[in-house]
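Any read-out appearing in this document is the output of simple, stated calculations on the displayed coordinates, not a laboratory observation. Computed from a predicted structure; not experimentally measured. Cβ placement follows ideal geometry from the backbone for every residue including glycine, while neighbour counts extend to all protein chains displayed.
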Amino acid sequence: MISYFAEEMNFSSIPNALSILRIILTVPVVITLLNQQYFLTIVIFFIAGITDALDGWIAKRFSFQTRLGSILDPFADKLLLMTSFVALYLIGLLPVWLLILIFVRDVMIIAGTVGYFLGSDNSEDELLTPSNLSKINTGLQIALVLYLVASQIYPSVLLQPTIILFIVIATSTVLSGVDYIWVWLEKVFSQEGSK
């Protein structure tokens with residue numbers, strides 16, 4: 001049975017399978033957060049982080065990068081983070097203004113990406129690649145989720161979150177959003193110029 005499954009599964013599909021697993025892990029992360037099972041949340045979030053690191057490493061190491069993978073990977077990241085932020089807001093650990101800011105940026109990026117590819121007459125299979133600012137922003141957002149959860153497990157060890165922490169995340173969110181707008185505008189103008 002196992003050998004049959006192994007034969008049926010193409011090794012090149014492992015990065016996409018790991019992204020799908022991360023999408024699935026979103027459900028237990030949200031459930032454990034809403035039930036305030038913070039230690040379990042960190043464990044599941046950590047496993048999701050490992051799948052993120054592995055899918056990227058395998059895709060690059062063995063040249064398994066695909067357009068589907070370039071869509072699935074950031075989608076899985078966004079889904080995990082956005083649902084975590086909603087759950088953190090619902091349990092009173094995240095301010096609504098930061099949740100709205102993060103949500104607006106993500107919707108803007110998704111709309112811009114979809115709009116670009118629908119309007120693009122580029123026949124080559126272009127891969128979606130996140131900017132360096134976006135990678136930094138994602139890292140900071142992951143750190144915020146972990147910090148907020150850890151502060152509930154170890155309230156006497158970790159300082160309670162301050163407005164400064166939220167402002168840092170808000171700033172990186174805005175800057176990465178502006179960076180995406182700039183990148184997409186450059187792509188549109190270069191495409192128009194080549195016509």
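Which length gain, in nm to one decimal place, applies between Phe189 and Val104 when the Cα-Cα distance is subtracted from 0.36 nm times their residue separation?
That pair, Phe189 and Val104, stretches by 28.2 nm at full extension.
Which stretch or stretches of the stretch 23-59 have amide N atoms under 15 Å from the point lying 7 Å from Phe75's Cα along the Cα→Cβ direction?
Zone members listed by number: 23-26.
Under a crude label model (7 Å from the Cα following the beta-carbon direction), how far is Thr113 from Leu90 in nanometres?
Spacing of the two 7 Å Cα→Cβ label points: 2.4 nm.
Any chance you could run the full-extension gain for Leu68 through Asn35? It's 0.36 nm times the residue separation minus the Cα-Cα distance, nm to one decimal.
Extra length available between Leu68 and Asn35 comes to 8.5 nm.
Could I have the simple spin-label model distance between Phe166 and Ala17, label points 7 Å from Cα toward Cβ, reported in nm to one decimal?
4.3 nm
Leu146 versus Asn132, label points 7 Å from Cα toward the beta carbon: distance in nm?
Those two pseudo-labels are separated by 2.2 nm.
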